[in-house]
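The values are calculated or read from the model by the stated rules, or taken from the named source; none is laboratory data. If you're wondering where the values come from, they're calculated on a predicted model, not measured in any experiment. Neighbour counts run over all protein chains shown; Cβ positions are idealised from the backbone, glycine included.
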Amino acid sequence: MSQFPYKQVEEIKKEVVTSQIHRITSAYNFILVGDVQIDIKWHIHEQNRYESDSSADVDNIIKPILDALCGHKGILINDCQVQAISCRWIDWESDNQEIIITIQMFFNDEWLLKSGLIFTHMGKGICYPILLNDIDPKYTLVILEDLESKIARRDELMAKGMSYYHAQGVMSIQRVFHISRVQDFDIIQLNDLKKQLLTESEILKDF
């Protein structure tokens, strides 16, 4: 039987977990864009847990699972969306292992289609998810300008002494993402995207 260093064994296990999760989530045509709560149930034989060093600690299975759930092939943008997480192992008689992952959305409409999804950088590291699809580009432009106006108004109120939480009242219900959290996705600067949409709108006028 082949022998692997412990770290390499852990990498192999992570690859298995990732591939199995992606086998399911890559088939979904949507991605969640709001905050969520995650529950992880890990079914494993008690003897394997108590009398072997081959099974990971409970805290060590969380990060690989979260990593696999994020990105184009996953169901989340980034693990910063996770507000709460629970993880536990449960004894069963099978020698096989099973992981059951339950994701609870706080609001059922906080999702977008993966097709055409990009992030626009509004400045100061703030990014919004935007869909570029078959809709008339002038309508997407209206959405962008509205988001831009809301951010400017929020910043103006805070500059005048209003607290962050009070000023948030003028913002879109869609949460923002820091640019460092969306590096797996296409990111377009606000002005560049506005120019692109204006050009597309002008082209459509000719048809």
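Tell me which residues, restricted to region 90-102, are at pLDDT 95 or above and crowded, with 16+ Cβ neighbours inside 10 Å.
Scanning region 90-102 gives a single hit, ILE101.
Taking ASP67, is it within 18 Å of ILE21 (Cα to Cα), among the acidic types (Asp, Glu) and at pLDDT 90 or above?
The answer is yes for ASP67.
How many residues does region 27-44 contain that are farther than 17 Å from GLN83 by Cβ and either touching a Cys at 6+ places or on another chain (Cβ under 6 Å) or surrounded by fewer than 18 Cβ atoms within 10 Å (Cβ to Cβ) (or both)?
Of the residues in region 27-44, 6 are farther than 17 Å from GLN83 by Cβ and either touching a Cys at 6+ places or on another chain (Cβ under 6 Å) or surrounded by fewer than 18 Cβ atoms within 10 Å (Cβ to Cβ) (or both).
What are the pairs with Cβ atoms under 9 angstrom where one residue, in region 159-177, is in the same structural domain as CYS80 (by the TED database) and the other, located anywhere, is modelled with pLDDT of 95 or more and of a type in the set (Val, Ile, Thr)? Sequence gap at least six, or different chains.
No pair meets every condition.
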